[in-house]
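Accompanying notes for the structure given below.
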Amino acid sequence: MVEAMGEEEKFDAIVVGAGPAGVAAAITMAKAGLQVVLIEKGSRPGAKNVMGGILYKHMLEEIVGPAWASAPVERPIIEEQRWLMTPDAALRFGHRNLRNRLDPHSFSVLRARFDPWFAEQAEAAGVFLINETLVSELIVNGGGVIGVKTGREDDLLADVVVVCEGIGLGSKLLQSAGLKAPVRPDQVAMAVKEVLKLDADRIEARFNCDHGEGATVECYGDATMGMAGFMFIYTNRDTLSVGGGALLKDFVDSGRSPNQLLEHFKAHPLITPLLEGAETVEFSAKMIPEAGYRGIPKLFGDGYLVCGDAAMLSNPVHREGSNLAMTSGRLAGETVIEAKARGDFSARSLASYRRRLEKSWVLPDMRKYDRAVPLLENNPRLLSLYPNLADRAVDEFLRVDGVSKWAKQKKIFKMFRREGGVRMVVDMAKALWTLK
Ligand code: FAD
């Protein structure tokens, strides 16, 4: 319900940011009959969004139901590859899954196409979308959030504000209201992405895709110059998304720029043939939260909830972010619906949001991978020395040069003992323990 309060209107809920989290929250609440306003600073949803990106059907279907099938996706992902790279070789692991033809669970998307469609679903559900409007401030009264300032004449008021502003510039809105600490350089990755135009036939031939089908390639080791992160190539209809990122702290410490990283990756002799003849049509850069479970800020308080990247919900090990955003948005929406029925928007009432996240897969996954990024940050050998050793070991073993396999085995063992030593055993044990 929209109440008139003097000059101002009061909504049931204001959602800040029309990314996956904000739209998911808005749709969930609007479907239950709540009066929801969704505010986006871009000229339209998707105009300012970057993501690689691979989108997951399950979470989308939970929000829009069968309408997911009309989403403007690029290609269903049939094959996923991981490459552990050295300067002139790669150990490749892949999973080509033809069952995905019948029931694909992930798709490549371009956010400039996907986000407007997703926001249209919100409008169809009754959400009032306002584009080109920056929320400049949360209005706090008596310790609780009661609305937002937008730089337009009137303030907007609501029972609850769902903050889905992402992590761009470190979530300025929450920070300036004192609701989130500034993010540290070891808590975020700086990511870059280019969209390169390439005709569909060449994409399919180079990435071994059947007509209309897609693949992902994610690269570690030399791909990121040994920094904690990964690079990617995702196949779209007639473009490639090429990019990646590394911990901001690694850029600061090494003096490298994200652009240097991207150029290094594109110049790798195993990557250049994949990109030959492709023309850059778009370049963007953005941060990705990588602080793990311990880096999650306060998720709720009197009159507000925080979702998606703004809540630092992301799983870089599995390149998941949009799904955590959609699920947290949906669960925030369900929390508000319940709070509305009780007529209570206090922190105590909204605390059930955190319980919902704990009961879902979101916080359990955040806990599982809590130490994954520090593991890479504190053990750079994992992305430099060990890929190199593995490459040389495989090279030695596969090389047919008149030396017996017994002698080769001995040589490889000696090499691991000399160059990896006990430290390698400890590092591997640590890695297994961290990802258990
Ligand atoms: P966002 O998508 O950032 O949306 C926030 C929205 O809020 C934006 O539209 C922004 O314009 C708006 N906004 C911000 N501040 C204000 C304000 N003050 N007022 C009004 N509007 C505001 N995830 C995956 O699942 N798969 C991938 O393959 C993948 N690849 C990625 C590749 C890159 C290079 C990057 C950077 C990220 C990738 N991610 C991927 C992560 C994914 O993009 C995020 O996890 C996801 O977009 C988070 O959604 P969100 O709604 O929380 O935030």
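Run down S171, S176 and say which single residue is in contact (Cβ under 8 Å) with a residue 24 or more places away in the chain, within 11 Å of the ligand (Cβ to nearest atom) and touching a helix residue (DSSP H, G or I) at 6+ places or on another chain (Cβ under 7 Å). Please lay out each step first, then the result.
Details: S176 fails: touching a helix residue (DSSP H, G or I) at 6+ places or on another chain (Cβ under 7 Å).
Selected residue: S171, the only one of S171, S176 that is in contact (Cβ under 8 Å) with a residue 24 or more places away in the chain, within 11 Å of the ligand (Cβ to nearest atom) and touching a helix residue (DSSP H, G or I) at 6+ places or on another chain (Cβ under 7 Å).
Just name the residue that is surrounded by the fewest Cβ atoms within 10 Å (Cβ to Cβ) out of those in the stretch 101-133 that are outside any loop (DSSP other than H, G, I, E, B) and aliphatic (A, V, I, L, M).
Of the stretch 101-133, the ones outside any loop (DSSP other than H, G, I, E, B) are 101-102, 106-108, 111-124, 128-130.
Retained after the next criterion (residues that are aliphatic (A, V, I, L, M)): 102, 112, 119, 122, 124, 129-130.
Working: L102: 7, A112: 19, A119: 24, A122: 28, A124: 12, L129: 21, I130: 16.
Taking the candidates together, the pick is L102.
Filter the stretch 123-163 down to the residues that are under 30 Å from A67 (Cα atoms), within 29 Å of the chain's Cα centre (by Cα) and not hydrophobic (A, V, I, L, M, F, W, C) and list them by number.
Of everything in the stretch 123-163, those that are under 30 Å from A67 (Cα atoms), within 29 Å of the chain's Cα centre (by Cα) and not hydrophobic (A, V, I, L, M, F, W, C) turn out to be E123, G126, N131, E132, T133.
For the stretch 327-335, does any single residue satisfy the condition of being without any contact (Cβ under 8 Å) to a residue 12 or more places away in the chain, in a helix (DSSP H, G or I) and either in contact with a Phe, Trp or Tyr (Cβ under 9 Å, 6 or more places away or on another chain) or polar (S, T, N, Q) (or both)?
No.
Here is a list: D401, D391, D395, D370. Which entry is in contact (Cβ under 8 Å) with a residue 24 or more places away in the chain and in a loop (DSSP other than H, G, I, E, B)? Walk me through it before giving the result.
Values: D401 fails: in contact (Cβ under 8 Å) with a residue 24 or more places away in the chain; D391 fails: in a loop (DSSP other than H, G, I, E, B); D395 fails: in a loop (DSSP other than H, G, I, E, B).
Every option except D370 fails the conditions.
For the stretch 270-284, enumerate the residues that are at pLDDT below 95 and either closer than 17 Å to F230 by Cα or outside any strand (DSSP E or B) (or both).
If the condition is that a residue be at pLDDT below 95 and either closer than 17 Å to F230 by Cα or outside any strand (DSSP E or B) (or both), then S284 is the only one that fits.
Yes or no, residue by residue, for (1) on the phi > 0 side of the Ramachandran plot; (2) part of a helix (DSSP H, G or I); (3) among the hydrophobic types (A, V, I, L, M, F, W, C); (4) modelled with pLDDT under 95:
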site: A223; (1), (2), (3), (4): no, yes, yes, no
site: I233; (1), (2), (3), (4): no, no, yes, no
site: R237; (1), (2), (3), (4): no, no, no, no
site: V242; (1), (2), (3), (4): no, no, yes, no
site: F265; (1), (2), (3), (4): no, yes, yes, no
site: H268; (1), (2), (3), (4): no, no, no, no
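Filter the stretch 195-217 down to the residues that are among the charged types (D, E, K, R), outside any helix (DSSP H, G or I) and either surrounded by 19 or more Cβ atoms within 10 Å (Cβ to Cβ) or in contact with a helix residue (DSSP H, G or I) (Cβ under 6 Å, 6 or more places away or on another chain) (or both) and list them by number. Full working, then the answer.
Here is the first cut: in the stretch 195-217, the residues among the charged types (D, E, K, R) are 197, 199, 201-202, 204, 206, 210, 213.
Cutting the leftovers down to outside any helix (DSSP H, G or I) gives us 197, 199, 210, 213.
Correct list: E213 only.
Before we move on, is F300 in contact with a strand residue (DSSP E or B) (Cβ under 9 Å, 6 or more places away or on another chain), away from the ligand (no atom under 11 Å from the Cβ) and within 30 Å of Q35 (Cβ to Cβ)? Write out each step before concluding.
Working: in contact with a strand residue (DSSP E or B) (Cβ under 9 Å, 6 or more places away or on another chain): yes; away from the ligand (no atom under 11 Å from the Cβ): yes; within 30 Å of Q35 (Cβ to Cβ): yes.
In short, yes.
If a residue has to be part of a strand (DSSP E or B), closer than 20 Å to T327 by Cα and of a type in the set (V, I, T) to count, how many in the stretch 23-80 make the cut? Reasoning before the result, please.
To start, the set of residues in the stretch 23-80 that are part of a strand (DSSP E or B) comprises 36-39, 54-56, 75-80.
Next cut, closer than 20 Å to T327 by Cα only: 36-39, 54-56.
With the extra rule that they be of a type in the set (V, I, T), the set shrinks to 36-37, 39, 54.
Total meeting the criteria: 4.
If I filter the stretch 136-168 down to residues being aliphatic (A, V, I, L, M) and within 10 Å of the ligand (Cβ to nearest atom), which single residue comes out as surrounded by the most Cβ atoms within 10 Å (Cβ to Cβ)?
Here the residue is V163.
Might you check whether a residue that is over 30 Å from V161 (Cα atoms) and in contact (Cβ under 8 Å) with a residue 40 or more places away in the chain occurs anywhere in the stretch 282-305? Walk me through how you get there before you give the answer.
Filtering the stretch 282-305 down to residues over 30 Å from V161 (Cα atoms) leaves 282-283.
With the extra rule that they be in contact (Cβ under 8 Å) with a residue 40 or more places away in the chain, the set shrinks to 282-283.
Yes.
Test R348 against the stated conditions and say whether it is in a helix (DSSP H, G or I), within 14 Å of the ligand (Cβ to nearest atom) and either surrounded by fewer than 16 Cβ atoms within 10 Å (Cβ to Cβ) or basic (K, R) (or both).
Details: in a helix (DSSP H, G or I): yes; within 14 Å of the ligand (Cβ to nearest atom): no; either surrounded by fewer than 16 Cβ atoms within 10 Å (Cβ to Cβ) or basic (K, R) (or both): yes.
No.
Search the stretch 303-320 for residues being among the small types (G, A, S) and either closer than 25 Å to M190 by Cβ or modelled with pLDDT under 95 (or both), and hand back the single one that is nearest to the ligand (Cβ to nearest atom).
In the first step, residues of the stretch 303-320 are kept if they are among the small types (G, A, S); the result is 303, 308, 310-311, 314.
Restricting the remaining residues to those that are either closer than 25 Å to M190 by Cβ or modelled with pLDDT under 95 (or both) gives 308, 310-311, 314.
Details: G308: 2, A310: 6, A311: 8, S314: 5 Å.
Going through the qualifying residues, I end up with G308.
Report whether or not R111 is within 9 Å of the ligand (Cβ to nearest atom) and touching a residue at least 12 places away in the same chain (Cβ under 8 Å). Reasoning before the result, please.
Working: within 9 Å of the ligand (Cβ to nearest atom): yes; touching a residue at least 12 places away in the same chain (Cβ under 8 Å): yes.
It is true that R111 is within 9 Å of the ligand (Cβ to nearest atom) and touching a residue at least 12 places away in the same chain (Cβ under 8 Å).
Looking at the structure I just gave you, is G46 near the ligand (Cβ under 10 Å from one of its atoms), closer than 24 Å to G245 by Cα and surrounded by 22 or more Cβ atoms within 10 Å (Cβ to Cβ)?
Values: near the ligand (Cβ under 10 Å from one of its atoms): yes; closer than 24 Å to G245 by Cα: yes; surrounded by 22 or more Cβ atoms within 10 Å (Cβ to Cβ): yes.
Taking the combined requirement at face value, the residue satisfies it.
Just for the stretch 281-318: of the residues that are in contact with an Asp or Glu (Cβ under 7 Å, 6 or more places away or on another chain) and surrounded by fewer than 21 Cβ atoms within 10 Å (Cβ to Cβ), which one is nearest to T216 (Cα to Cα)?
Restricting to residues being in contact with an Asp or Glu (Cβ under 7 Å, 6 or more places away or on another chain) and surrounded by fewer than 21 Cβ atoms within 10 Å (Cβ to Cβ), the top hit is N315.
The values are calculated or read from the model by the stated rules, or taken from the named source; none is laboratory data. Here the structure is a predicted model, which means the values were calculated and not measured. Reconstructed Cβ throughout: ideal geometry from the backbone, glycine too, with neighbour counts over all protein chains shown.
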